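Written below as structure tokens is the structure these notes are about.
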Amino acid sequence: MSIALTLHVLSFTIWVGGMFFAYVALRPAAASALDPPHRLPLWAATFARFFPWVWTAVIVLPVTGYWMIFRMGGFASVAPYVHIMQLVGIAMIAIFLHIYFAPYRRLRRAVAAADWPAGGKALATIRRLVAVNLVLGLVLIALVALAQSRV
């Protein structure tokens, strides 16, 4: 159980921490220091390195989460916050899948074609969706911390 919990927490930390870094640090720095012909390839390369980690999290989180739930006796025996964690996790995974298969794909095509307006539009969509996922992730961390403090 402790290995599953450790993998679960590490996966979520890498995913949410990566989004926090990208949104709060890299995005403003890149926007102020680079023009679109340099900024958009940076983002495409950054996502190409970060998204394999997110894919790992998208697999590890449900596997470890459900494994722990069923080791604790199933959904009927877990605290209500675990049900909320599951719902928020499913939403976050769905948002990531949309990012990966739609705007990220458009961003890669735009960068390859040096189509900066299309790349900027794709990046703006990714930015908005990452903001949603980041807020969901941070709220979830706060919820779990609060729930654990009451145990």
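Every number here is computed from the coordinates shown, using simple stated rules; none is lab data. Nothing here was measured: the structure is a model prediction, and the numbers come from that model. Positions of Cβ are generated from backbone atoms using ideal geometry, with glycine treated the same way; all protein chains shown enter the neighbour counts.
In which sequence would 92, 85, 68, 1 go, from the one with the fewest C-beta neighbours within 10 Å to the one with the most? Before the final figure, lay out the partial values.
Working: 92 24, 85 21, 68 15, 1 10.
Exposure proxy ranking, most exposed first: 1, 68, 85, 92.
Would you mind calculating the gained length between residue 112 and residue 77 on full extension (0.36 nm times residue separation, minus the Cα-Cα distance), in nm to one decimal? It would help to have the intermediate numbers written out before the result.
Values: separation 35, 0.36 × 35 = 12.60 nm, distance 5.09 nm.
So the extension gain works out to 7.5 nm.
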What FRET efficiency comes out for the pair residue 91/residue 13, r = Cβ-Cβ distance, R0 = 22 Å, nearest 0.05? 0.75
Candidates 94, 76, 114: whichever shows maximal mean-square fluctuation once the chain is modelled as a Gaussian network with Cα springs under 10 Å: 76
Residue 84-residue 51 FRET efficiency (beta carbon distance; Förster radius 35 Å; 0.05 resolution): 0.85
In whole Å, how far is the Cα centre of the stretch 114-149 from that of the stretch 24-67? 10 Å
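Relative contact order, percent, of the chain when contacts are C-alpha pairs under 8 Å separated by at least 6 residues?
Values: 95 pairs, mean separation 49.0, N = 151.
It comes to 32 percent, rounded to a whole number.
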Please give the helix 103-112 orientation as an angle from the longest Cα principal axis of the chain, in degrees from 0 to 90, rounded to the nearest 10. 30 degrees
Take the chain, connect every pair of alpha-carbon atoms lying under 10 Å apart with a spring to form a Gaussian network, then pick out the residue of 103, 37, 28 with the largest mean-square fluctuation. 28
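Could you estimate the translational diffusion coefficient of the chain from the Stokes-Einstein equation, with Rh from the Kirkwood formula over C-alpha pairs, at 37 °C and 0.692 mPa s, in whole µm²/s?
Details: Rh = 16.6 Å.
Result for D is 198 µm²/s.
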Rank these for me by crowding, 104, 66, going from fewest to most other beta carbons within 10 Å. 66, 104
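Please order 127, 49 by the number of other Cβ within 10 Å, starting at the fewest. Don't skip to the answer; put the middle values down first.
Working: 127 15, 49 9.
Going from sparsest to densest Cβ surroundings: 49, 127.
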For the chain, what is the calculated [θ] at 222 nm in deg cm²/dmol (nearest 500), taking -39500 (n - 2.57) for each run of four or more DSSP H residues and dividing by its residue count? -29500 deg cm²/dmol
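R0 = 35 Å: FRET efficiency of residue 100 with residue 145, Cβ-based, nearest 0.05? Don't skip to the end; give the middle numbers.
On the way: r = 29 Å, r/R0 = 0.82.
The formula returns an efficiency of 0.75 here.
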Explain nothing, just compute: Karplus ³J(HN,Hα) = 6.51 cos²θ - 1.76 cosθ + 1.60, θ = phi - 60°, for every residue of the stretch 23-29 in order, whole Hz, x for Gly and Pro. 6, 8, 10, 5, 4, x, 5
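With charges only on Cβ, +1 for K and R and -1 for D and E, what is the dipole size of the stretch 2-149 about its Cα centre, in debye, rounded to 20?
Numbers: 11 positive and 2 negative charges, 69 e Å.
Dipole about the Cα centre, nearest 20: 340 debye.
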